[in-house]
Each structure stands twice: as structure tokens, then as C-alpha cells.
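Colleague: This structure is in C-alpha cells; I'll ask about it shortly.
Bear in mind these aren't lab numbers, they're just calculated from the coordinates by the rules spelled out. These numbers were taken from a predicted model, which means no experiment stands behind them. Positions of Cβ are backbone-derived with ideal geometry, glycine not excepted, and every protein chain shown enters the neighbour counts.
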Amino acid sequence: MKGVVLAGGYGTRLAPMTRVVNKHLLDVFDQPMVYYPIQSLAAAGITDVVLVTGGEIEQFKTLLGDGSELGVSLTFVRQEGAGGIAAALGLVAPHADGPVVAMLGDNLYQDDLTPYVQAFREQGSGARILLKQVEDARRFGVARVEGDRIAEIVEKPEQPPSDLAVTGCYMYDQRVFEIVAGLEPSGRGELEITDVNNAYIERGELRFDVLPGWWTDAGTYPSKLKASILVALTRGVTFHA
């Protein structure tokens with residue numbers, strides 16, 4: 001099973017810092033942001049990892065080297081421009097001959113993802129995603145759940161069908177690359193990961209788990225601060241006035 005960390009994009013919401021450094025190299029508490037998804041994959045037993053990023057690829061190589069410091073073996077793939085999450089995932093096809101667990105480079109999880117990855121292994125085919133209850137679901141892709149299945153995922157809806165946000169961890173069998181190759185760009189000119197997930201829903205092959213622990217992205221200044229505080233609290237750090 002191949003791990004994938006998607007760390008491209010322009011990071012405009014974290015400007016001006018992202019004019020000089022990729023956002024995934026910025027700090028979240030005491031580590032670079034990109035460490036967290038790599039560590040989550042390694043903890044789940046996924047040690048063969050492809051990292052996809054843009055023009056700052058040399059910055060990642062300088063920081064991460066071959067990945068051994070974090071317990072993984074890293075392959076670097078360059079994405080030209082910002083074609084969307086699904087487009088970035090599609091670039092991994094030449095490096096993957098089986099299922100993949102893809103993680104967004106700015107997502108942090110409190111939970112050990114091992115049981116969910118194991119459930120995907122036992123699933124055998126199809127796809128699996130992780131959901132989390134959130135207060136304002138309008139910011140995310142939102143799952144409409146019917147019983148033990150996801151009926152639909154709606155991207156950033158004004159009227160969310162539930163409070164279950166789709167987090168940035170996606171587990172797919174190898175057919176995902178065929179699905180990506182057949183996608184059409186969305187209205188913003190990108191290949192959307194929601195369209196990939198909905199393709200698996202149409203096949204009746206998308207499973208899910210709801211996370212008990214905290215989850216956050218770190219792609220804006222408020223969420224990056226929140227992520228740092230959550231990490232610090234998890235590690236038992238106390239704050240003094």
C-alpha cells in the first residue's frame with residue numbers, strides 16, 4: 001500500500017509567508033506542517049510515501065531528505081500549477097501498483113489512523129474516507145449519510161445535509177487513477193476530489209468511519225493557530241499568562 005501526501009497549491013490564504021515558502025513547510029506548534037501527515041502514515045504502517053508538491057520541491061527535499069528521519073521512504077513528484085487535489089493524486093499513478101492512502105498536507109489528526117487503514121485493507125476494494133462532526137459544515141465537503149452508507153457528498157453547501165465533514169484522508173484502490181483520468185474540470189478549473197468520491201458512491205463502493213478525536217486543517221491563519229494549540233494541548237503543554 002502506497003502513502004501519498006498532497007502538498008501542492010499556492011497557499012494564498014497564508015500569504016505573505018507563502019510568497020517565499022510552501023505553506024506545508026510552515027510551523028504547526030513545534031514541527032513543520034508536512035511532518036504530521038507523514039507521521040500519521042508511518043504510524044499506520046505505511047512507509048512507502050509519495051509527496052506531490054509544486055515549484056518548491058527542492059525545499060521539501062532539503063527538509064525531508066529520503067524520509068528516513070520520519071520512518072518512511074520518500075519519492076517526490078512535481079505538480080505544475082494548481083490543477084486540484086484529484087489532479088495531484090493522478091500524478092502518483094506511475095508510482096503506485098496497488099491501493100493508496102492519500103492525505104492532504106495541511107491536515108492533522110488526533111486519532112491513530114491504524115484501525116481505519118486496517119479496515120480498508122480488509123475491505124479489499126473500493127474506497128474509504130474519514131468523517132468528522134463539525135460546527136460549521138459549510139466550509140467543507142459534507143456527507144449525506146443513509147444508514148451505513150454515504151448517499152452523496154456535497155462540496156461547501158449553503159444548506160449542509162449533515163454535520164459530517166469529509167476530512168483530508170482518502171483511501172482508494174488502484175482504479176482511482178482511471179476515475180481521475182476521466183474527470184472533467186469543475187467550475188473553478190480543477191479536478192475535484194469530491195467527484196472522485198462520488199464516483200465510488202455511484203458504484204456502491206465507498207465506506208466511511210467517523211473520527212472520535214479532533215481533526216483540523218492548518219490552511220488559514222485561524223486554523224493554523226488552532227492546530228498548534230490542539231497539538232500543544234495533546235502533548236500536555238500548559239499556557240501561562
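Colleague: Return the distance in nm (one decimal) between the two label points of a simple spin-label model at TRP214 and GLN174, each offset 7 Å from Cα along Cα→Cβ.
Modeller: Roughly 4.0 nm, to one decimal.
Colleague: Then there's this: With each pseudo-label sitting 7 Å past Cα toward Cβ, what's the GLN159-GLN118 distance in nm, one decimal?
Modeller: If labels sit at GLN159 and GLN118, their model points lie 4.2 nm apart.
Colleague: As an exercise, use a Förster radius of 25 Å and the Cβ-Cβ distance of ASP48 and ASP27 to find the FRET efficiency, rounded to the nearest 0.05.
Modeller: In this case the efficiency is close to 0.40.
Colleague: Name the residue from LEU6, TYR172, VAL92 whose Cα lies farthest towards the positive end of the charge dipole of the stretch 2-234, charges +1 on Cβ of Lys and Arg and -1 on Cβ of Asp and Glu.
Modeller: My answer, from the dipole projection, is LEU6.
Colleague: What's the local net charge at LEU14, with K and R +1, D and E -1, over the other residues with C-beta under 10 Å away?
Modeller: +3
Colleague: Which shape class applies to the stretch 105-147: rounded if a/c is under 1.5, otherwise prolate when a/b exceeds b/c and oblate if not, where a ≥ b ≥ c are the square roots of the Cα gyration tensor eigenvalues? Before the final figure, lay out the partial values.
Modeller: Numbers: a/c = 2.33, a/b = 1.39, b/c = 1.67.
The shape class here is oblate.
Colleague: Using r as the Cβ-Cβ distance of VAL237 and GLN133, and R0 as 41 Å, what FRET efficiency do you calculate, to the nearest 0.05?
Modeller: 0.95
Colleague: Which of ILE201, ILE38 comes first, and how do the rest follow, when ranked by fewest Cβ neighbours within 10 Å?
Modeller: ILE201, ILE38
Colleague: Now, a different point. State, to one decimal in nm, how far the label point of LYS61 lies from the label point of GLU80, with both points 7 Å from Cα in the Cβ direction.
Modeller: Once both label points are built, they end up 1.8 nm from each other.
Colleague: Let me ask something else. Would you mind classifying the chain by shape? Square roots of the alpha carbon gyration tensor eigenvalues, ordered a ≥ b ≥ c; an a/c under 1.5 is rounded, otherwise it is prolate if a/b is larger than b/c and oblate if not. Kindly include the intermediate steps, with their values, before the conclusion.
Modeller: Working: a/c = 1.34, a/b = 1.16, b/c = 1.15.
Cα axes put the chain in the rounded bin.
Colleague: If each residue's Cβ is checked for other Cβ atoms within 10 Å, how do HIS95, HIS240, HIS24 rank with the fewest at the top? Can you show the working numbers first?
Modeller: On the way: HIS95 15, HIS240 3, HIS24 31.
In increasing order of surrounding Cβ atoms, one gets HIS240, HIS95, HIS24.
Colleague: Let a ≥ b ≥ c be the square roots of the eigenvalues of the Cα gyration tensor of the stretch 138-241; is it rounded (a/c under 1.5), or, if not, prolate (a/b larger than b/c) or oblate?
Modeller: prolate
Colleague: Hey, fewest Cβ within 10 Å first, where do ARG149, ARG128 land in order? List each step's numbers first, then the result.
Modeller: Values: ARG149 13, ARG128 23.
Fewest to most other Cβ atoms nearby, the residues stand as ARG149, ARG128.
Colleague: A further question on this structure: How large is the dipole of the chain about the Cα centre if only Lys and Arg carry +1 and Asp and Glu carry -1, each at its Cβ, rounded to the nearest 20 debye?
Modeller: The calculation lands at about 420 debye.
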